[in-house]
1. So the check is Cβ under 9 Å with 6+ separation or different chains; which pairs have a first residue in region 36-49 that's in contact (Cβ under 8 Å) with a residue 12 or more places away in the chain and over 16 Å from I23 (Cβ atoms) and a second one that's of a type in the set (G, A, S) and surrounded by fewer than 11 Cβ atoms within 10 Å (Cβ to Cβ)?
2. Select from region 1-34 the residues that are within 18 Å of D85 (Cα to Cα) and not β-branched (V, I, T) and list them in ascending order.
3. Considering region 43-66 alone, what residues qualify as being within 15 Å of L9 (Cα to Cα) and surrounded by 10 or more Cβ atoms within 10 Å (Cβ to Cβ)?
4. Could you figure out which of (1) at pLDDT below 90; (2) within 23 Å of K10 (Cβ to Cβ); (3) open to solvent by 100 Å² or more (accessible area, probe 1.4 Å) isn't true of E30?
5. In region 3-27, which residues are in contact (Cβ under 8 Å) with a residue 24 or more places away in the chain, assigned to a loop (DSSP other than H, G, I, E, B) and surrounded by 12 or more Cβ atoms within 10 Å (Cβ to Cβ)?
6. Scan region 75-94 for residues that are in a helix (DSSP H, G or I), surrounded by 15 or more Cβ atoms within 10 Å (Cβ to Cβ) and at pLDDT below 70 and jot them down.
Amino acid sequence: MLTFKAEVLKSKQKSDGTYNVKIRMTYNREVKRLATNIFVRQEDLTKSFRLKNPKLIQEADAIVRHYQEMCVKLQVNINSYTMDDIISNSRYLN
């Protein structure tokens, strides 16, 4: 089953002190992370590095929903796709 989740990686702090919110795609125990245009500061995160700013949570959820809707069009559960197939095909569905 293909799942999506927005996450912030603690080890990926930029030199300006911000973090990029990534979308984690998991399919058949394979994980890929896609960069977003959302950057957060330490004060936007909880101690466990989860988003706590409601505006940023909404933005990240919208991106996750977008990817979910694209993958519904691919019918991932019916077809035998690899993770790379899903990522390359989802770019053409935008």
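The values are calculated or read from the model by the stated rules, or taken from the named source; none is laboratory data. Keep in mind the model is a prediction, meaning the values are calculated, not measured. Cβ placement follows ideal geometry from the backbone for every residue including glycine, while neighbour counts extend to all protein chains displayed. What goes into the accessible areas is simple: the full protein's heavy atoms, side chains included, and nothing from ligands, DNA or RNA. Shrake-Rupley method; radii C 1.70, N 1.55, O 1.52, S 1.80 Å.
1. R41/G17; Q42/G17
2. If the condition is that a residue be within 18 Å of D85 (Cα to Cα) and not β-branched (V, I, T), then M1, L2, F4, R24, M25, Y27, N28, R29, E30, K32, R33, L34 are the ones that fit.
3. D44, L45, F49, R50, L51, K52, A60, listed by residue number.
4. (3)
5. Residue satisfying the conditions is L9 alone.
6. N89, S90
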